[in-house]
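Structure first, then comments.
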Amino acid sequence: MARSPWPGVVALSLAASIAALQNTAVVPLLPVLQKDLDISLPAATWTLTISLLVSAVAAPLMSRFGDMYGRQRMIVTALVLLVAGSVVAAWAPSYAWLMAGRVLQGFVAALFPLAVGLVRDVLPRNQLATGVGVLSATMGFGSGFGMILAGVVGDWHGVFWVTAAITVVAGAFVLIFVHDGRAPAQGRPDLAGAALLTGWLVLLLLGISQGRVWGWTSAATIGAFAGAVLLAVAWVLVERRTAEPLVQLSMLTDRRSVGATLASALIGFSFFLCMTAISNYAQADMGASTLQVGVYLLPTTLFMLVLSLFIGRVVARYSASFVVAAGSVVVALGALWLALEHVRPADIYIGSSLLGLGLGLGYSALGTMAVEHVAADRTAAAAGINALVRIVGGSAAGTALAAIVSAVPGEGGYVWVFAVAALGSLLSALAAGLSGMLNRRAAGREPVTVPSGR
């Protein structure tokens, strides 16, 4: 009798939730890190940003390694690096060692696109939306649970030790239940593309986060932005001329996937911006503890988990693009509520509930929206690109928050932060909605193939 693929999907979902948890668990601890390590808010924010930056490069690079050497092997490798990074961060006696641990942890972001590729290989077509939806939603659940974990443990050393322990458990399940659905392919990694992508992202975010400190017209700030532009241009040129690029730019600009790309970046930005802002505001202005922050965000976690159980049927009925658009609108409503009403605990609960509803819909359907139009052998690449832009959006969130709050201190700064998050979510809804309409019209006229060249 054929072996059921669902135990493997469950094991991958557990691993995916931990991959998300390791980032958001840091968010409520940013004020604690700032105090314990005697660092500034922008420096504390970089403990989140650095992991997201590594994730932006690791997701497409290790997805390519998965095609070459086997996806299950690369998933296990990502989990091993997460354990190593968690141990280093838990032991870290200084800011530098903590950052080194966070760099190692960032590689686990590759787990999601690798898992999506595996799920598409092993699940029947009629179960694919449910499988990808469960993966996407459990990542959202992991994001919410990370906040709760930080609140319950309260100490950043302890949070990283717990992360290491549960990752070992998840890795054991992956080794037992997850198996590759197809043979590895030949290929070469695009190391030059990875280096250039890292370079321009670091310079861009460094310029945004430090611009107010250095001065927006200072040589350092202008140099950071100019360097980012030059490296970005070089990166595009390299990717266009490389036989096997890190990021297939044709997939970024293909008319059937560009909506998913934009929506993913914008909803990732809004998600991390709202989560970080709620945590910082609740602790700084409402006197909340890290545990109380976790409780404030509990509705987000619960709604995301519950919706993941039904997302397959919802996407099958309404289409992935519609669900992403609807979820983005609800996220915007939650962010707008928090911009207008945020002085009482009840206000935070209402806002976090709306965020959970919206993210439960949007995050769960994004994975399907990203891969539903591509050939099966390009699923991991499409999911990797979607994860990349979502992570880039998330990376910009911490930097944007630090820049806004530094420019507008106090409660007013957080009003602006939530307003910016609402705008980002509305733009995500617009991108997803337009993409869905254009794709349906194109499908009614003639078949369109995703370009396979550069």
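For region 265-288, how many residues meet the condition of being touching a Gly at 6+ places or on another chain (Cβ under 7 Å) and among the polar types (S, T, N, Q)?
Selection size over region 265-288: 2.
Any idea which of (1) crowded, with 23+ Cβ neighbours inside 10 Å; (2) touching a Pro at 6+ places or on another chain (Cβ under 6 Å); (3) under 27 Å from Val405 (Cβ atoms) is the one Val331 doesn't satisfy?
(2)
Kindly indicate which of Leu266, Leu246 is within 23 Å of Leu114 (Cβ to Cβ) and either modelled with pLDDT of 90 or more or in a loop (DSSP other than H, G, I, E, B) (or both). Walk me through how you get there before you give the answer.
Values: Leu266 fails: within 23 Å of Leu114 (Cβ to Cβ).
From the options Leu266, Leu246, the qualifying one is Leu246.
Return the total of residues in region 309-336 being farther than 26 Å from Asp347 by Cβ and either of a type outside the set (Gly, Ala, Ser) or at pLDDT below 80 (or both).
13
May I ask you to verify whether Ala20 is under 19 Å from the mean Cα position of the chain (by Cα), assigned to a helix (DSSP H, G or I) and crowded, with 18+ Cβ neighbours inside 10 Å?
Taking the combined requirement at face value, the residue satisfies it.
From the list Met74, Met99, Met68, Met62, exactly one residue is in a helix (DSSP H, G or I), over 22 Å from the mean Cα position of the chain (by Cα) and touching a residue at least 40 places away in the same chain (Cβ under 8 Å). Which is it? Break it down into steps so the answer makes sense when it comes.
Working: Met74 fails: over 22 Å from the mean Cα position of the chain (by Cα); Met99 fails: over 22 Å from the mean Cα position of the chain (by Cα); Met62 fails: over 22 Å from the mean Cα position of the chain (by Cα).
Just one listed residue meets the conditions, Met68.
Right, Val202: within 19 Å of the chain's Cα centre (by Cα) and surrounded by fewer than 21 Cβ atoms within 10 Å (Cβ to Cβ) or not? Give the derivation first.
Numbers: within 19 Å of the chain's Cα centre (by Cα): yes; surrounded by fewer than 21 Cβ atoms within 10 Å (Cβ to Cβ): yes.
So Val202 fits the description; yes.
Filter region 86-129 for residues that are surrounded by fewer than 18 Cβ atoms within 10 Å (Cβ to Cβ) and under 17 Å from Phe65 (Cα atoms) and give the result.
Asp121, the sole residue that qualifies.
Looking for whichever is under 24 Å from Leu401 (Cβ atoms) and either at pLDDT below 85 or not basic (Lys, Arg) (or both) here; the options are Ala15, Ala78, Ala44, Ala84. Which one fits?
Among Ala15, Ala78, Ala44, Ala84, only Ala44 is under 24 Å from Leu401 (Cβ atoms) and either at pLDDT below 85 or not basic (Lys, Arg) (or both).
Applying the selection to region 409-421, what residues are under 24 Å from Gly207 (Cα atoms) and either acidic (Asp, Glu) or modelled with pLDDT of 85 or more (or both)? Spell out how you get there, then give the answer.
Pass one, region 409-421, residues under 24 Å from Gly207 (Cα atoms): 409-410, 412-421.
Residues satisfying the conditions are Gly412, Gly413, Tyr414, Val415, Trp416, Val417, Phe418, Ala419, Val420, Ala421.
When you check Pro31 against the structure, is it surrounded by fewer than 24 Cβ atoms within 10 Å (Cβ to Cβ) and either closer than 30 Å to Ile176 by Cα or in contact with a Ser or Thr (Cβ under 7 Å, 6 or more places away or on another chain) (or both), yes or no?
Working: surrounded by fewer than 24 Cβ atoms within 10 Å (Cβ to Cβ): yes; either closer than 30 Å to Ile176 by Cα or in contact with a Ser or Thr (Cβ under 7 Å, 6 or more places away or on another chain) (or both): no.
It is false that Pro31 is surrounded by fewer than 24 Cβ atoms within 10 Å (Cβ to Cβ) and either closer than 30 Å to Ile176 by Cα or in contact with a Ser or Thr (Cβ under 7 Å, 6 or more places away or on another chain) (or both).
The values are calculated or read from the model by the stated rules, or taken from the named source; none is laboratory data. Since this is a predicted model, take the numbers as computed values, not measurements. Positions of Cβ are generated from backbone atoms using ideal geometry, with glycine treated the same way; all protein chains shown enter the neighbour counts.
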